[in-house]
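What follows is calculated from the coordinates using simple rules that are stated; it is not laboratory data. Here the structure is a predicted model, which means the values were calculated and not measured. Don't worry about glycine lacking a Cβ; one is built from the backbone with ideal geometry, like all the others, and counts go over all protein chains shown.
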Amino acid sequence: MKVGLIGEAPLDTLAIKTLLLKKYPNLEFVELLKNKITGASLENQKTKTAIRLECSSHKPNIVIFIRDLDGLFTLKYREQILKRKTYFKEFKGSTLIQEKTLFLLNVWELEALILSDINCFNVFYNCEVEFNDNPMEVIEPKEYLYSLHNKYSNSHNSKILEKSNFETIYNNCEYFRKFINKFEDLLAS
């Protein structure tokens, strides 16, 4: 089975691919729109055509849309949540996208997943930082990781997640757990 990944930044898409391969080594993950369309430009109407072309070329069975909320799941960020969900619904409801689709909305940023298993960060940087809070409540987790170690770089995220324990992230990060449960349902259907 082939799974297409569409993200707002190539480094984030690669990091999610790395994490998913830990649990699903028998699936083929393909980065769609790699280095072609990033950030808010994903919401552009031309993106639908580009995705359709990528899907017809790579023929994925499932397409995962990956976005950062740049906020928390709170009323304060309700408008951003609705904007991201509307973005996904437009693609999901589009007749141009025939594949099964799933949305992974990272609370604030992908770096919340690293905070969900701080040990992978410690192993990668050979340090001993502690994090015992809820990763979904950290404002600007990327900056938080910078504060923990001066050599941290988001370009390392996929390598850091190579050191992660999938089950630890699954158990410690509610939004990721919900995403994986929906992914499992799609795989079973």
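Between Glu174 and Lys2, what is the FRET efficiency for a Förster distance of 25 Å, r being their Cβ-Cβ separation, to the nearest 0.05?
Efficiency at R0 = 25 Å is approximately 0.35.
Diagonalising the gyration tensor over the Cα atoms of region 86-175 and scaling each eigenvalue by 5 before taking the square root yields semi-axes of 29, 13, 13 Å, largest first. Estimated at 0.36 nm per residue, the fully extended path between Ile139 and Asn181 surpasses their Cα-Cα distance by 12.6 nm.
Of Ser116, Ser164, Ser153, the residue with the greatest mean-square motion in the GNM of the chain, using alpha carbon springs below 10 Å, is Ser153. Note on the chain: GNM, Cα springs under 10 Å; of Asn61, Asn26, Asn154, the largest mean-square fluctuation is that of Asn26. Across the chain, the mean sequence separation of Cα contacts (distance under 8 Å, 6 or more residues apart), normalised by length, yields a relative contact order of 24 percent. Near the amide H of Gly4, within less than 5 Å, lie the amide hydrogens of Val30, Asn61, Ile62, Val63, Ile64, all on another chain or at least 5 residues away, with H placed in the peptide plane. The distance between label points at Lys83 and Ser189 comes to 2.9 nm (points 7 Å beyond Cα on the Cα→Cβ vector).
How many times 2.2 N^0.38 Å is the alpha carbon radius of gyration of region 116-157?
In units of the globular-protein estimate, region 116-157 measures up at 1.07.
Sort out the exposed loop GluC sites (Glu not before Pro) in the chain (DSSP loop, at most 13 other Cβ within 10 Å) and tell me the longest stretch that has none. Looking at the chain, 1-127 is the longest stretch - no exposed GluC sites (Glu not before Pro) with at most 13 other Cβ atoms within 10 Å. Working note: Cα gyration tensor of region 129-189, eigenvalues times five, square-rooted, sorted largest first, giving semi-axes of 26, 14, 10 Å.
Each residue of region 7-15 is assigned a 3J(HN,Hα), and the resulting list reads x, 7, 8, x, 5, 5, 4, 4, 5 Hz, derived from the Karplus form 6.51 cos²θ - 1.76 cosθ + 1.60 (θ = phi - 60°), x at Gly and Pro. Here, the chain is characterised by an Rg to Rh ratio of 0.95, where Rg is the alpha-carbon radius of gyration and Rh the Kirkwood radius.
Phi angles across region 155-164 convert, under the Karplus curve 6.51 cos²θ - 1.76 cosθ + 1.60 with θ = phi - 60°, into 3J(HN,Hα) values of 5, 8, 3, 5, 5, 5, 5, 4, 8, 7 Hz, Gly and Pro given as x.
Among all stretches of the chain without exposed trypsin sites (Lys or Arg not before Pro) (DSSP loop, at most 13 other Cβ atoms within 10 Å), which one is longest?
The segment 37-150 is the longest one with no such site.
Rounded to the nearest 500 deg cm²/dmol, what is the calculated helix-only ellipticity per residue at 222 nm for the chain, with -39500 (n - 2.57) per DSSP H run of length n ≥ 4?
Computed ellipticity for the chain at 222 nm equals -14500 deg cm²/dmol.
In order along region 116-130, phi translates into HN-Hα couplings of 5, 9, 4, 4, 5, 5, 4, 5, 5, 9, 6, 9, 9, 7, 10 Hz, rounded to whole numbers, per the Karplus curve 6.51 cos²θ - 1.76 cosθ + 1.60 with θ = phi - 60° and x for Gly and Pro.
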